[in-house]
Structure formats: structure tokens, C-alpha cells
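What follows is a short report on a single structure.
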Amino acid sequence: MIVTDAVRAGASGLSRALQRMPLSAQKKIAPIADAVEIVSQMRDPRVFAALGPSSVRGLILQEGKQGRPTKMKANHEAHFDWDYPADHPKMRKLYERAKQLQWNGSTDLPWDTDVDPYNPEREILPQTFLNLDGFREFGYRLDKSEKQKLTVDLLRWQLSQFLHGEQGALYAAAQVTEAVQFFDGSLYGATQVMDEARHVEVFHRYLDTKLDKVFEINDNLFVVIDALMTDGRWDMKFLGMQIMVEGLALGAFSTLHKMTNEPLLKELLKRVIQDEARHVHYGVLALREHITTQLTERERREREDWCFEVAILMRNRFMAHEVYDAWFGGTSLRRQDWDHVVLHSTGLSEFRHVMFRRLVPNLRSIGLLTERIMPHYEKVGLLKYMDGRAADQITAEEMLADAA
Ligand SMILES: [Fe+2]
Ligand SMILES: [Fe+2]
């Protein structure tokens, strides 16, 4: 155990002390408290070694928010095979399918649609998404126009995180394409790189030309992207991007696709979901075999713990603090008050529900949800998703219909 009870006690003491500090001090200390709390919860020293440095870069130094490009040191081996083996028929099939289903982000979407995010006839996001009256409890009563604006800002934030995640997916897919041990996997991977480039293109265009604002990357998303980009092991990249980030994003895309009445966004999300379903399917295929036949038990356990930590990071901490900062930073509404409202919002609960309903069966299917880790998932209320169908058992059409 690298983390002692004393560190854990220190983390909870810091969090209590934070609540008593003046607002300006809270703002400076909060990211450090977040980092200490996350690190203090890690049970496995190898997971700590893999996620710790990324937590410092993301949460304390906030490298994604410095207004300049971020350099991440990649360190992995390219896997050449001069025999060009046909070594994975299912991946080959996915490769063929992916070639047939390519689409053009600049001409295949109705970009001439007039998007008015405040048009009640075509509600871009229902106002029940965030429990807007929940702020009253803390002395903030929002009028009608403020409620609309806050809802639209939350959508901008959510789509911005999709966009930043897609940039991560673009580079991770490129790394995985050269590092994967199956030749058919490399061929398939190249189509995913193209898919992710298209996703970056369409999300950015939508935010830039229809919603006029892009939010900065969320610190916790930065941590996950940084961790998988800088890890030299190809399967960790796979796990991080194809299973965790893509798996969760797929749930989030489906929920938003179901909720929005704005036709351009609906069509954009539908197209992206069809691509993403392939990506997660690929991740499950590649990892199931690797994890169940190639890894030692110790290596498998490390990955099992890593996934649990990342799941918790994404579940508990994806709280739109960038929107809080823009709206309430410097006011008497504290970050924990904001978190309370977010946690008790119907729309956001639905988001989390669908995200984990997609993710947990995939973890089970690739061999990373064994009896050893189950009690931890049970404790945080995620085990109820255990019996769902994994990505290779469900089509994109079923996913769309399921979320509709
Ligand atoms: Fe994508
Ligand atoms: Fe993807």
C-alpha cells in the first residue's frame, strides 16, 4: 500500500478545511484538494504510478488551460510485421465495414440549418437537464432568460468536452494503429483515425459556427487523456481510449441524441454514434483476447484497478466546473453547492446512467470485472449494470433505438 491512512485522513481534513476558507482561497486550493483526494483513493501503487503524474499535470498545473498547445511525451513501440498476416478475421470484417461507411463531415450534414439555441420550438436541450431551481436552496433564484442561457452553456460545455475527447481519440487511435499486435488491427485502426478526424471537424464546426463558444478542457478529462497518451503499453492506450473514454462517450452521445430537438445536432450525433459503436466493438475484440490469454494475473489486476479508478474519476468528477467558474466563480455559491445541484439533476443522472450501462458490460466482457473487484463496483452503485450486453453484441442501430 503506497497510500497510508494518514494521507487519506489528510485529504478529508483538507476538504473540510476548504469549506471554511474565504472564496478566493478556496479557488486556489480546490484543484490541489482534488488531486490529493484522487491520489489518496488509489489502492494499487502501480495505478498510482500510472495516474499520479497525469493528475498533477491536469489538476494542479491545469496544463489544458494555459492557452497554449500541450506537449505529451509518447513512449511506445511500433509493431511492424513484414509477413502481413491475416491474423484477425473479425477485425478484418470491421475494416471492410468501416471503409464502406465513411462519410464526409463537410457535405453530408445539413450545415445550412438555422440553429437558434433559444428557440423553444426546437429545444436544443431540455431545461430539466440541470435542476435550475436547485440553486434557490443556496440563495440564487434564476430568471427565465438566465435559465435558458445556463442550459445552453451547459450544452456548450458538454459538446466542448466531446470535442476535446475526440482530439484525444484522434491521437490515441493513431498511436494504437502503429502499436497494436494484430496486422488486421492496424488496417482497421487507420479507418478509426479518419473517423476521429471527422468527429473533431464536425463538433468543432458546430460549436464554432452554431453555438459561438468552445469551453476549455475539463481537468479530469485531461488527466485521463494524458495518462493514456503517455503510457507506453498499447493495451493501456486501448483500455483508456477504446473502452473507458469511448465507452462513456457513446453513452453520453446517445443520451444527448435522445434529448435534443435540434435537427442538425441530432443528425450529427447519429452519424458519430454509428462510427463510435465500431470503435468500441474493436476495443472489446482486441482486448478480450489479450487480457484473457496474454497477461499475467498481476498485470490483469493492475488493469482492473486502473479501470475502476478511471471510472470513478469520470463518474464523480465530471461536474462542469468550467461552467460553474464562468457563472458563479467569485460569488457566494460554493463549488460544493454547485456539485450538489448537478448531482441531483434529472438530465445529468440520466447521462450517468446510460454512460455506465454501456461501459460496465464491456469491462466484464474483456475480463476486467472479476469477483475480486466486484465489491468495489457494488459499493459505488455500478454493479447493477453488470448483466447488460457488451459492444460486440449490440449494433449501432440498436443503440440508437435503445436511447430513442
Ligand atoms: Fe470519435
Ligand atoms: Fe471513437
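GLU378 to ILE60: extension gain in nm, 0.36 nm per residue of separation minus the Cα-Cα distance?
111.4 nm
Multiply the residue separation of ASP81 and VAL152 by 0.36 nm, subtract the distance between their alpha-carbon atoms, and state the gained length in nm to one decimal.
20.6 nm
What are the ³J(HN,Hα) couplings of the range 160-165, residue after residue, when phi is run through the Karplus curve with 6.51, -1.76, 1.60 and θ = phi - 60°? Round to Hz, x for glycine and proline.
Going residue by residue, I get 5, 5, 4, 4, 5, x Hz, with x marking Gly and Pro.
Spin-label point model (7 Å from Cα, Cβ direction): what's the LYS270 to GLN102 distance in nm?
Inter-label distance under the simple model: 2.3 nm.
If we count other beta carbons within 10 Å of each Cβ, what is the order of ASP143, ASP81, ASP235, fewest first?
Sorted ascending by nearby Cβ count, the order is ASP143, ASP81, ASP235.
Please list the three semi-axes, largest first and in whole Å, of the ellipsoid equivalent to the chain, using sqrt of 5 times the eigenvalues of its alpha carbon gyration tensor.
So the equivalent ellipsoid measures 33, 28, 19 Å along its semi-axes.
Please list the non-local residues whose amide H lies under 5 Å from the amide H of ASN131, H modeled 1.01 Å from N, same-chain partners needing a gap of 5 or more.
Amide H to amide H, under 5 Å and 5 or more residues apart or across chains, ASN131 pairs with SER345, THR346.
Give the Rg/Rh ratio for the range 318-388, taking Rg as the radius of gyration of the Cα atoms and Rh as the Kirkwood radius, to two decimals.
On the way: Rg = 16.0 Å, Rh = 14.1 Å.
Reported Rg/Rh, Kirkwood definition of Rh: 1.13.
For LYS93, go through the lysines and keep the ones whose alpha-carbon is under 29 Å away, minus same-chain ones fewer than eight residues off.
LYS237, LYS266, LYS270
Using θ = phi - 60° and the Karplus form 6.51 cos²θ - 1.76 cosθ + 1.60, what ³J(HN,Hα) does each residue of the range 87-103 get, whole Hz, x for Gly and Pro?
Once rounded to whole Hz, the list reads 10, 7, x, 5, 6, 4, 5, 5, 4, 4, 5, 5, 5, 5, 9, 4, 9.
For a quick check: sort TRP306, TRP111, TRP234 by the number of other beta carbons within 10 angstrom, fewest at the front.
Numbers: TRP306 24, TRP111 16, TRP234 21.
Ranked by crowding around the Cβ, least crowded first: TRP111, TRP234, TRP306.
Once label points are set 7 Å from the Cα along Cα→Cβ at both MET386 and ARG68, what is their separation, rounded to one decimal in nm?
It works out to 4.9 nm between the two label points.
Run the reach check for LYS149 against lysines, Cα to Cα strictly under 16 Å, same-chain hits fewer than 8 apart removed. What comes back?
LYS210, LYS213
Each value in this text was obtained by applying a stated rule to the coordinates, not by laboratory testing. Remember, predicted model here, so these are calculated numbers, not experimental data. Methodologically, a virtual Cβ is constructed for each residue, glycine included, from the backbone with ideal geometry; neighbour enumeration extends over all protein chains shown.
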